[in-house]
Amino acid sequence: MEETTMKRKSKLVTSSIIAALLVLPIAGCGQSDSTSKEAEQNTKTEQKQEKNSLENPTYVAEHYLSYIYDGKTAEIEEITGEDSTDFKEEQKEFFYDRAGSVTPIEYPLVIEYDGFSELYTPDQIKDEYATAMVSYFEQIDDYSITEVEENENGAEVTVETEGLAMNALANQANSYIDSLIGFDENLALSKYPSDTTQKANAVLQFWAMGELYQQGNKAPMLNEDVSFTMYLEKDSQGEYKATEDTMSDVYSGSKLDTYEEGK
């Protein structure tokens, strides 16, 4: 009886040891897999954070382009140093200041046609033109970043985009003016000195572009995409920011002033 009990205890001990040996490797393997998966997850998280970071020039450039082309505002203050209201004002100022760069808009226009009569001040003409241009560029919806070259001070970002056909837009403005029944061009420019009247025709185009936009006009796009380079600065923390020239890079690069008919 005692011998049988000893044998039984021996079997139980042996079975326990075998069971322990079977369990230990499994537990160890499970812990290793868990650690490996956790490390892999951490790596992916770090990569995602790096990708969606102001230290990534592509990430910053994509956001900046979305401000110009899509009217978005995510992280706009971190990237531009301005809140969305100030940035929108800067956009308008960009075109407001350039409206009279060739022919100064210094005098009002006397607009009369088909029972309509109104005096448009220089400020009103430039403001409506600027509002229209900001919105026309927001009609661009096909663009992509094709190359990024980084250096210790910043990054040059190459962008390919559909662009505005400025000559076609001017033709739209001329056609609109021609369509106004009873419109008198001489009266419209009567406030301008006689020796500037010919150049002042451009002022009428600025006025007409603003009017067309208010009537729901769509900007004509170029038949072929254009490519341009925008520059981002890197600050002392290694984060990329837009410069004072970035807006000009984008607007100037997203159009052609040559005789393109557009579509």
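Values quoted throughout were computed directly from the atomic coordinates according to the rules given, and no laboratory measurement underlies them. Here the structure is a predicted model, which is why all the values come from computation and not from measurement. Don't worry about glycine lacking a Cβ; one is built from the backbone with ideal geometry, like all the others, and counts go over all protein chains shown.
The mean of 1/r over all distinct Cα pairs in the stretch 204-263, once inverted, gives the Kirkwood hydrodynamic radius of 14.4 Å. Past the 22 Å Cα-Cα mark, which pairs from 92/199; 72/255; 234/255; 72/92; 88/126? Result: 92/199; 234/255 exceed 22 Å. Here's how it looks for residue 191: its modeled amide H is under 5 Å from those of 110, which are all 5 or more places away or on a different chain.
Taking amide H as placed 1.01 Å from N in the peptide plane, the amide H of residue 105 sits under 5 Å from that of 100, each at least 5 places away or on another chain. Averaging Cα coordinates gives a centre for the stretch 180-236 and one for the stretch 93-158; these two points are 8 Å apart. Evaluating 6.51 cos²θ - 1.76 cosθ + 1.60 at θ = phi - 60° for every residue in the stretch 85-90, the Karplus couplings come out as 5, 5, 5, 4, 5, 5 Hz, glycine and proline recorded as x. Here the gap between residue 227 and residue 101, fully extended at 0.36 nm per residue and compared with their Cα-Cα distance, gives a gain of 42.9 nm.
A simple spin-label model places the labels of residue 148 and residue 70 1.6 nm from each other, with each point 7 Å out along Cα-to-Cβ.
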